[in-house]
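Student: Here you go, one structure.
The values are calculated or read from the model by the stated rules, or taken from the named source; none is laboratory data. Treat the numbers as computed from the prediction; the structure is a model and nothing was measured. Glycine also receives a Cβ, built like all others from the backbone with ideal geometry; neighbour counts cover every protein chain displayed. Calculation scope for accessible area: heavy atoms of the full protein, side chains included, ligands and nucleic acids excluded. Shrake-Rupley method; radii C 1.70, N 1.55, O 1.52, S 1.80 Å.
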Amino acid sequence: MSNQLRVRLSLKGRPIRTYTFKKQTVSIGRDPSADIFLDNFGISREHAQIDQTPGGYILADLGSANGTFLNETQITREFLGQDDVVRIGKFSLWVGVEADRREQLLGSVPLSQETTVLSTEQMEALTRKAQTEEAAVKAREMKERGASAWKLSRASFVIAVLATLLLGILLGVAGMLRFAP
């Protein structure tokens with residue numbers, strides 16, 4: 001069973017994105033072609049990389065200007081462990097290594113990195129599930145629209161009654177002033 005690298009990226013504690021990799025080398029940097037693109041001038045274009053080795057994953061700083069930190073210690077090259085936190089500038093990368101669960105589900109069926117092949121029954125089941133979820137979302141939206149329309153029509157009714165009452169009072173006062181001695 002092969003392992004996959006899972007990286008959760010956050011900026012100042014706010015989650016941004018989760019990545020899953022099964023490749024040998026993962027590049028990190030300000031270069032838009034990096035596997036983990038960090039758009040900040042405090043990050044070097046080729047800042048760091050993670051390499052998969054027979055002994056585990058290794059994090060290496062690639063001579064960056066501001067350094068790479070593993071669990072708050074500046075490193076040049078270090079093994080990554082489960083739940084380690086890599087800090088690069090204002091970004092934090094939580095690292096996890098896990099078994100590829102698809103292999104557990106499919107057993108000895110070979111997995112392609114690019115394409116997942118589903119049987120006709122699996123496709124039909126996914127389609128039915130998506131249609132059911134879509135119908136539920138539409139029903140919820142219609143219910144919410146109906147409730148908001150009712151609130152709007154109720155508010156309009158109250159405003160109309162109050163306006164009519166105010167107009168009646170004004171007309172009554174005007175009539176009394178007109179016929180006053």
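Results for (1) under 25 Å from the mean Cα position of the chain (by Cα); (2) at pLDDT 80 or above; (3) surrounded by 11 or more Cβ atoms within 10 Å (Cβ to Cβ); (4) of a type in the set (A, V, I, L, M), shown as yes or no for each residue.
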position	(1), (2), (3), (4)
Leu38	yes, yes, yes, yes
Gln52	no, yes, yes, no
Glu72	no, yes, no, no
Val95	yes, yes, yes, yes
Leu111	no, no, yes, yes
Gln122	no, no, yes, no
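Student: Among the residues of the range 11-27, write down those that are surrounded by fewer than 11 Cβ atoms within 10 Å (Cβ to Cβ) and more than 16 Å from Ile88 (Cβ to Cβ).
Tutor: Scanning the range 11-27 gives a single hit, Gln24.
The rows are residues; the columns are (1) modelled with pLDDT under 75; (2) open to solvent by less than 70 Å² (accessible area, probe 1.4 Å); (3) outside any loop (DSSP other than H, G, I, E, B); (4) touching a Leu at 6+ places or on another chain (Cβ under 7 Å).
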position: Glu114; (1), (2), (3), (4): yes, no, no, no
position: Val117; (1), (2), (3), (4): yes, no, no, no
position: Gln131; (1), (2), (3), (4): no, no, yes, no
position: Ala136; (1), (2), (3), (4): no, yes, yes, no
position: Ala147; (1), (2), (3), (4): yes, yes, yes, no
position: Ser153; (1), (2), (3), (4): yes, yes, yes, no
position: Leu165; (1), (2), (3), (4): no, no, yes, no
position: Gly168; (1), (2), (3), (4): no, yes, yes, no
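Student: Scan the range 17-43 residue by residue and report those that are closer than 25 Å to Ala65 by Cα, of a type outside the set (Gly, Ala, Ser) and touching a residue at least 40 places away in the same chain (Cβ under 8 Å).
Tutor: Ile28, Ile36, Leu38, Asn40, Ile43
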